[in-house]
1. Before I look further, what does region 109-170 give for accessible area per residue, probe 1.4 Å, in whole square angstrom?
2. Mind jotting down the distance between the C-alpha centroids of region 215-268 and region 84-126, whole Å?
3. At most 16 other Cβ atoms within 10 Å and a DSSP loop assignment: could you name the chymotrypsin sites (Phe, Trp or Tyr not before Pro) in region 25-86 that fit?
4. As a check on your grasp of the helix formula, calculate [θ] at 222 nm for the chain: sum -39500 (n - 2.57) over DSSP H runs of n ≥ 4, divide by the residue count, round to the nearest 500.
5. When ligands, DNA and RNA are left out and all protein chains stay put, how many square angstrom of accessible area per residue does region 20-71 have with a 1.4 Å probe?
6. Could you tell me which residue out of 132, 61, 91 lies farthest along the dipole of the chain toward its positive end? Charges go on the beta carbon: Lys and Arg +1, Asp and Glu -1, centred on the Cα centre.
7. Å³ per residue of the Cα convex hull, for the chain?
8. Computing the accessible area with a 1.4 Å probe over protein heavy atoms, can you report the carbon and sulfur percentage for the chain?
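The values are calculated or read from the model by the stated rules, or taken from the named source; none is laboratory data. In this text the structure is predicted, and so the values were computed from the model without any measurement. Glycine also receives a Cβ, built like all others from the backbone with ideal geometry; neighbour counts cover every protein chain displayed. What goes into the accessible areas is simple: the full protein's heavy atoms, side chains included, and nothing from ligands, DNA or RNA. Shrake-Rupley method; radii C 1.70, N 1.55, O 1.52, S 1.80 Å.
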Amino acid sequence: MSLQAAPARGCGRARHERGRRRTLADVWSGRQNGFGLIRLLLSTAVIVAHARVLGFGGHGPFYYTWQKQTEIGGFAVLGFFAVSGMLITRSANRITTRQFAWHRFLRIMPGLWLCLVVTAFVVGPAVALHDGMPMRTYFSHSEGPWQYLQANWSLAVRQHGLSGLLAHNRLAGTFNGALWSLPLELLCYMVVAALAALGILQRSRLLLLLMLLAAWLYLANMALRAGTLRMDLYSPTGVAWNLPYLGYISMDQLLPLMFTFGLGAAVEVYRDRLPMNKTLGVVSALVLALALTAGGLTTYGLPAFVYFMVWAGIYTPRPLTRIGSRADFSYGLYVYGFVAEQTLIAFGTTRWGLPLFTLASLGLALAAAMFSWHLVEKPAMRLKNLRHLPFRRGSKPGNHTPPQHRHGHIGSPADEALPSTSAGAS
């Protein structure tokens, strides 16, 4: 009897497992994911969008198709915040606040500082020589390279130009307009760190949903007052701040991006309850397509978008999950793409036409990204667990997440990658 009953009970458990609704925690338990590929695609999309706008004027691709709600560049930035929200929250939940801050610093600031130095002392002089400006004039200008570094060393961008160069570009005088999103992302990190330190993300996670509901009601009220669901993603709110180290922060941009980040955070916090399957992935894609083409991106479109991004990362075909697993060039692509395009425009390469100009911009940005990764970003990541730092390597006390659930790539150009040398999202 016992020999027959045991297989029966085993079959019963198997049928129960097959019939039980599978959650995100069930389907994602290791490093196999497509977020490295997604980051590269999103960074590429930003460069493609800027190529048309900076080089030839007008709006980015799909602006009119998507009912003037956004274009592919804005869509890509949303993607960064969506995936980053999930994976940054995972990191904040399993390590100390001080360790979390150190890891975020290492991932963002060294690469940013190198970009500023390259822009000021390599790109700027090259453009100056092309324009016939003497080096003495370039370096003695009131907005010269040294002033550029001093004004922008923190995430606040307080000087956009260098020595009056790029005056004939469509976006005159701006070398790197892509840095605007980094302070907003840091604010999201700070909120998550505070919630994690207070234990809210683990013991009072309903509060996160209430915060998201308040943000959603604000966005819905804006759409109601505008009288249309086809409102701009960054519709004016009339609220802004000038913060130390972060610079000018506009609620127009912060609200939808932080809401998207928060949705990603909720995905991680409720990973044990969130159903995750291919049917819901297809449904979320259809809902997102409806929101983009008919209107409603800021209301029902963003939740569908966040689910689709997570679903796409989880169900990426296995061979593609290797992309970005050992070398993540997405952050470099993002911070150098704008610089590359403005420089190529100054050298007159738009005469090649949009396709060739876009490819040249991508190639130049990729070369800079590879240089940045190997010279600064990858070495910086090795400093994550310096012995003299006052925190112990490992997870927070009381965090009992199984080890196989603690891995994964980070989903933003400013986030940590390289799982082979780091503990996943930490």
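1. Computed with neighbouring chains in place, this is 50 Å² per residue.
2. Going from one Cα centre to the other spans 23 Å.
3. Those satisfying the criteria are 64.
4. Details: 17 runs with 242 residues, N = 426.
When only DSSP H runs of four or more count, the value is -18500 deg cm²/dmol.
5. 42
6. 91
7. 164
8. Working: 12330 of 19250 Å².
That fraction is 64 percent.
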